[in-house]
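K.L.:
Sharing a structure with you now.
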There are 4 protein chains.
Amino acid sequence: MGVNDSSLRFGVLSKGKLNLITDVPGVKTGHTTLSHGDVQTGVTAIIPGSGSAFRDKFPAAVTVINGFGKSIGLMQIQELGTLETPILLTNTFSVPACAEGLLTYMLDSHPEIGTTTGTVNPVVMECNDSKLNDIRGRHVTSEDALEALKSASSVFDEGAIGAGRGMCCYGFKGGIGSASRVIEAGSGIYTVGSLLLTNFGRKTDLAICGRSLFRDEPDSLRIPDKGSCIMIIATDLPLSCRQLARCCRRAQNGLARTGSITTNGSGEVVLAFSTVNRVPHSCTDPVRSFSIFDDNCLDVAFRAVSECVEESVISSLLHAESVTGRDNNTVLCLNDYLKQNP
Amino acid sequence: MGVNDSSLRFGVLSKGKLNLITDVPGVKTGHTTLSHGDVQTGVTAIIPGSGSAFRDKFPAAVTVINGFGKSIGLMQIQELGTLETPILLTNTFSVPACAEGLLTYMLDSHPEIGTTTGTVNPVVMECNDSKLNDIRGRHVTSEDALEALKSASSVFDEGAIGAGRGMCCYGFKGGIGSASRVIEAGSGIYTVGSLLLTNFGRKTDLAICGRSLFRDEPDSLRIPDKGSCIMIIATDLPLSCRQLARCCRRAQNGLARTGSITTNGSGEVVLAFSTVNRVPHSCTDPVRSFSIFDDNCLDVAFRAVSECVEESVISSLLHAESVTGRDNNTVLCLNDYLKQNP
Amino acid sequence: MGVNDSSLRFGVLSKGKLNLITDVPGVKTGHTTLSHGDVQTGVTAIIPGSGSAFRDKFPAAVTVINGFGKSIGLMQIQELGTLETPILLTNTFSVPACAEGLLTYMLDSHPEIGTTTGTVNPVVMECNDSKLNDIRGRHVTSEDALEALKSASSVFDEGAIGAGRGMCCYGFKGGIGSASRVIEAGSGIYTVGSLLLTNFGRKTDLAICGRSLFRDEPDSLRIPDKGSCIMIIATDLPLSCRQLARCCRRAQNGLARTGSITTNGSGEVVLAFSTVNRVPHSCTDPVRSFSIFDDNCLDVAFRAVSECVEESVISSLLHAESVTGRDNNTVLCLNDYLKQNP
Amino acid sequence: MGVNDSSLRFGVLSKGKLNLITDVPGVKTGHTTLSHGDVQTGVTAIIPGSGSAFRDKFPAAVTVINGFGKSIGLMQIQELGTLETPILLTNTFSVPACAEGLLTYMLDSHPEIGTTTGTVNPVVMECNDSKLNDIRGRHVTSEDALEALKSASSVFDEGAIGAGRGMCCYGFKGGIGSASRVIEAGSGIYTVGSLLLTNFGRKTDLAICGRSLFRDEPDSLRIPDKGSCIMIIATDLPLSCRQLARCCRRAQNGLARTGSITTNGSGEVVLAFSTVNRVPHSCTDPVRSFSIFDDNCLDVAFRAVSECVEESVISSLLHAESVTGRDNNTVLCLNDYLKQNP
């Protein structure tokens, strides 16, 4: 016996074709996975759309649910409301290496950066995978980051892969989870997608579609949960950065439904971007026109975010395999655990 | 048949003696209820502790989950980290009358305000009860506010009473709900309590302890939910205003578990205060000492907030009676509805 | 001898026709002044543009420089990025009366509010005028508020008038000050204007165009400055709420140049709105198009805000007359003081 | 002729012994300077106090005046109110190398990080020195960062040194500037100090103690200013993180007095820490006691911050030498310019 994704119901909206963040047109995702002995870690890249993110930036926003974390690049998104690079996810101590790789990626393709125009703002987000990974070893290289970027595709795997290789969630093997929803507004059809790096929670708190499977197991609440959850939201809705920030805040609803109490040590950060209304780096005319979605119609987007985030958490659990890593620590995936504890 | 509070399980922590916010020592609550024909509204007062809140302020914090609302007094709490008056809850258009009443209450007992010292910051929070109440009539008076303050006690009623008289929640009669949790930390025993004014949500979204009772009923998501939820958190834990703000952000977890997607039109605001480490209005020595709780131990407080808020929402539904008000609109309480639709 | 506005130079940009906030097309300002004995106070109304602010809202933003204050209506502006009523300024304890008056104004002209649509968010901002005014008496009525709204015009007076009647600034008589700048961007000509309610600062800190006139006078820094400054910025530049918030933050530059150190007790709040790109209350189509200004071109707007705010502070000093009020307290205006202390 | 520091007067408070941030007991500063041809850059390290910053953290706060910047480590400071590493300053594209160096520094001295306890939050802040430095070359190494940390001392140089080597300010050579003030509160004597990395502003805006030396020179405002200013504030006042954040916001007053209009492209970020009330990483008892400063007495600290920041900007100009760097670009220091243009 086990838990099967297809039998679960996360809300009421329609899912996208692949039920992945890449259902949002233009979004691509790639992984580099390092898996040998004490090294169980990696990089996951999200490319927000085609063409140069620097020359035509993406409207974006960030919300910090709990700021116990070391992500970089968020401040400028909050000020300017734009994303100008792909997003990398990795382990906490590999943020500098990934930032180097992302800088190389941007500088190589943009000779104007740092010469005739200003600098560029790399975005790298992280969780701590030290239970399964020798995080102090800083095994991820800037080349690993470049490889994740180059391998990005509209089809990608979830689970114990990429940045998710060493992550744990609700006491089980976590990692990468993704989902999408298709919504109607006026005469348009739009997609909202999410990709999560899940690394938080204690087993007794896990709720799957409202069911608490392990609530009555013995658990000492005195042992603090150290974890984090990075949440990326993508959409082709024409949302302003203010509206994207409002979407970000709804991610907590999805997390909470899986049982999260957002512990002190859990860095919970949400980044949302829209693939439309791209913002030119240089403007010839100071005034340009663009389309904007009405706040009165945002509820369906908020619902889509809640549903996607809830499903992404559970999806990360269902796609991950059991992993043995640092110091021979083993973390079972949910279905292996259920097989062993029927 | 119906839903019975005692059979429901909201988390794992112990409840306080009354399972009300007033289990936090010193906290008192009072109601003024107006209920005649088109007038179904009122005032609820929360007195944070004994003595003058102005002369010995309460550490406090505010978090805005969704700022579609008209509460007053929040800015100064965010700047100074202190609450210096009782808190009043009422309907949206009665905020000015309640602010007048609260000013009168403070000025009468503090001749120094506005003469030898500065001014005072009244806190009034609100939801829109216009479905059941003639809100345009502004029927609440400053005397009603004073009466609620004067009637405050450690025992109080929940449901369709006070500011909750005209409120609706998940399509049923909502209003005032409260809960508490008792927690241990080090050698101390502490209490966390919550009081909510619930006025949000659509029936198909309601989840009671993870169960979605009405999910499959027909529902047009195109009709927006207009509502709000005011959440007051009290504790005798020695928390700083930064830590109280962190507690406030966990209130969303409790809301989300009852089914909320935090709609565009829902003003969701959380105010938390601690009853200890009171801050003197005037200091003789610029440096004073106080006790502070360690962030590493906050998880149990975060869990208590999540549990209290979830239970307070459901408690408001279970305590409210059906009400008929403006234009003969009737909103059934949950148990009346279940009786009529078995 | 004295200080003369026309001889002073505040920056390098061109001034508008009247050098008032009402140089921004559509903006109107009106005052109600109460001046008899201990009652030296009033109301100032700013109407952001023609037609209904509720049905066609104004893009807006708020920045709190120092949140020691009791203004209302700010939270919703921060969430939704829109202003939906005129703005009233008054003394701290007359906020409820003015809110009542503004509610009456809005309800009378909008029968849909509170019946077929939601509620409305009145904006009232304040300073403490208790040195010259019997603030505890709460002498301002909701009718005074209505009168200020009705008297609004594109020509208005500065100084010890309206909400500014009892205010003090840098030890002199302060009150209402205003200024404007005309800027070019691309092929367009735009106006930025400011209106300030000045009530802050100690005499020894005052700097006029970089000159510190009273720096060497004896002054005990131990007596805290209790004051505030409300700053309203208007423009016909097509700015988003994010960009308006960025403009708000530049108001501090103007304040600082007049000598402000932004004391603990000074409530410094900035509200900015744009008169273009108005946002409909109800939308027939969820996607609409609008124009937006490029962030790369914002510097001239930031400069205009700095210049306007600096000049508005000094203008309030130069336009105010000496006033005697509560307990026969007299506060001299700057030029009377200079005449008496040549 | 020229401008001489000793003849200038920045406010009214007493200066510390060295008039440097290191007048705050325990604070140390070190530089690594790279200066050869196109490479004109470096690293500046600020060590907040003795012992391990990780095991006994420093109360800290961050305020973003304008978030056009790429600093790292700020989010966690904002959430937890603590600084747990030294602070490094460098050029924008050397943030990853410095973060690597700071991680090495912390991991080497703390075997528990990433094994028996959680991770660590390195803080690296930056400005863009591409006018004088080959920033794309990323010439700073993690060893350079370690060297700056190891060389930290209570005596250090200002000007075109360390991270300031390639920076420009108001059209002149900028870089590192520092100042301090000694204040009395109650029976105590305290110090406030600042260290700035100055890289912003146009020549015509520069004001030195209120005097605009170059205002009437021709200047096309259409050429945007690209710059930044990083501001570090240290104090031995017992301030909470909320109070430190309030201090941060006053830094803008000092900047504004030197002429800044806080342009769109200028990343202006302030970090303040207190050297007292250190926060243990691990607690044996969840409640500890500490001392706290009264908000009513904060004005003198706010004044000290304003004065220190203003003086630090001008001090960076007066200490910097003229530098020739990338593509033979030369930026004159202020006094060389005044000699050449008498």
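K.L.:
Hey, got the average number of other protein chain Cβ atoms within 10 angstrom for residues in B:178-187?
P.N.:
Across B:178-187, the average partner-chain Cβ count within 10 Å equals 2.
K.L.:
Something else about it: Local charge sum around residue C:40 (other residues, Cβ-Cβ under 13 Å, Lys/Arg +1, Asp/Glu -1)?
P.N.:
Around residue C:40, the surrounding residues sum to -1.
K.L.:
Given R₀ = 35 Å, what would the calculated FRET efficiency be for residue C:136 paired with residue C:18, taking r from the Cβ atoms and rounding to 0.05?
P.N.:
According to the calculation, E is roughly 0.45.
K.L.:
In nm to one decimal, list the spacings between the residue A:220 label point and its equivalents in the other copies, with label points set 7 Å along Cα to Cβ, shortest first.
P.N.:
5.7, 5.9, 7.1
K.L.:
Also, quick follow-up: Arrange the peptides B:332-341, D:278-287 so that the one whose residues have, on average, the most other Cβ atoms within 10 Å appears first.
P.N.:
Sorting B:332-341, D:278-287 by mean packing, highest first, produces B:332-341, D:278-287.
K.L.:
In nm, to one decimal, how far is the residue C:52 label point from the residue C:296 one, both placed 7 Å along Cα→Cβ?
P.N.:
4.1
K.L.:
Additional query: Counting helices only, and only those DSSP H runs with n ≥ 4, report the 222 nm mean residue ellipticity of the protein assembly as shown as the sum of -39,500 (n - 2.57) divided by its residues, in deg cm²/dmol to the nearest 500.
P.N.:
About -7000 deg cm²/dmol.
K.L.:
What distance in nm separates the two pseudo spin-label positions at residue A:187 and residue B:9, each 7 Å out from Cα along the beta-carbon direction?
P.N.:
In this crude label model, residue A:187 to residue B:9 measures out at 5.4 nm.
K.L.:
Within the stretch A:144-234, list the GluC sites (Glu not before Pro) lying in a DSSP loop whose Cβ has at most 10 other Cβ atoms in a 10 Å radius.
P.N.:
Sites meeting the loop and neighbour criteria: none at all.
K.L.:
Which residues does the label zone of residue D:283 cover in the stretch B:272-291, counting backbone N under 20 Å from a point 7 Å along Cα→Cβ?
P.N.:
From the stretch B:272-291, the list is B:272-279, B:288-291.
K.L.:
Give me the percent of the accessible area of the protein assembly as shown that comes from carbon and sulfur atoms, probe 1.4 Å, all protein chains in place.
P.N.:
In the protein assembly as shown, the share of accessible area belonging to carbon and sulfur is 49 percent.
K.L.:
In debye, nearest 20, what is the charge dipole magnitude of the stretch D:215-299 about its Cα centre with +1 on Lys and Arg Cβ and -1 on Asp and Glu Cβ, if you could check?
P.N.:
200
K.L.:
Between the label point of residue B:282 and that of the same position in each other copy, find the distances and list them shortest first in nm, with every label point placed 7 Å from Cα along the Cα-to-C-beta direction.
P.N.:
Between copies, matching label points for residue B:282 lie 4.8, 5.6, 6.4 nm apart.
K.L.:
Which net charge results when you count Lys and Arg as +1 and Asp and Glu as -1 among the other residues whose beta-carbon is under 13 Å from that of residue C:26?
P.N.:
Result for the local shell: -1.
K.L.:
Suppose a student asked you for the relative contact order of chain D, using Cα pairs under 8 Å spaced at least 6 residues apart; what percent would you report?
P.N.:
Relative contact order for chain D comes out at 26 percent.
K.L.:
Going through the stretch D:248-342, which GluC sites (Glu not before Pro) have at most 15 other Cβ atoms within 10 Å and a DSSP loop state?
P.N.:
Here the sparse-neighbourhood loop sites are D:321.
K.L.:
In chain C, which whole DSSP H runs stretch at least 20 Å along their own axis (Cα) and average 0.5 or higher on the Kyte-Doolittle scale?
P.N.:
C:95-109, C:299-319
K.L.:
Among rounded, prolate and oblate, which fits the stretch A:2-94 when a ≥ b ≥ c are the square roots of the eigenvalues of its C-alpha gyration tensor, a/c under 1.5 means rounded, and a/b larger than b/c means prolate?
P.N.:
oblate
K.L.:
With the contact rule set at Cα under 8 Å and sequence spacing of 6 or more, what percent relative contact order holds for the stretch C:158-268?
P.N.:
24
K.L.:
Give the relative contact order (percent, whole number) for the stretch D:246-328; include only Cα pairs under 8 Å separated by 6+ residues.
P.N.:
54
K.L.:
So if I place +1 on the C-beta of Lys and Arg and -1 on the C-beta of Asp and Glu, and nothing else carries charge, what would the dipole magnitude of chain B be about its Cα centre? I want it in debye, nearest 20.
P.N.:
That gives chain B a dipole magnitude of about 500 debye.
K.L.:
Moving on to the next point. Please check which bits of the stretch C:248-264 a label hung off residue D:211 would reach, taking the label as a point 7 Å along Cα-to-C-beta and the cut-off as backbone N under 20 Å.
P.N.:
Within reach of a label on residue D:211: C:257-259.
K.L.:
Would you mind listing the distances between the residue B:36 label point and the same position in each other copy? Use 7 Å along Cα-to-C-beta, nm, one decimal, shortest first.
P.N.:
3.5, 8.4, 9.2
K.L.:
Measuring from label point to label point, each 7 Å out along Cα→Cβ, what is the residue D:221 to residue D:329 span in nm?
P.N.:
2.4
K.L.:
Take a quick pass over chain A and tell me how many lysine pairs come in under 21 angstrom between Cα atoms, counting only ones 8 or more apart or on separate chains.
P.N.:
Summing the qualifying lysine pairs gives 15.
K.L.:
Please give the net charge around residue A:233, taking every other residue with its beta carbon less than 15 angstrom from that of residue A:233, where Lys and Arg add +1 and Asp and Glu add -1.
P.N.:
Counting the neighbours of residue A:233, the net charge comes to 0.
The values are calculated or read from the model by the stated rules, or taken from the named source; none is laboratory data. Every value quoted in this text rests on a predicted model; they were computed, and no experiment measured them. A quick note on method: Cβ atoms are made from the backbone with ideal geometry, for glycine too, and the neighbour counts reach across all protein chains shown. Quick note on the areas: whole protein, heavy atoms, side chains included, nothing else; ligands and nucleic acids left out. Shrake-Rupley method; radii C 1.70, N 1.55, O 1.52, S 1.80 Å.
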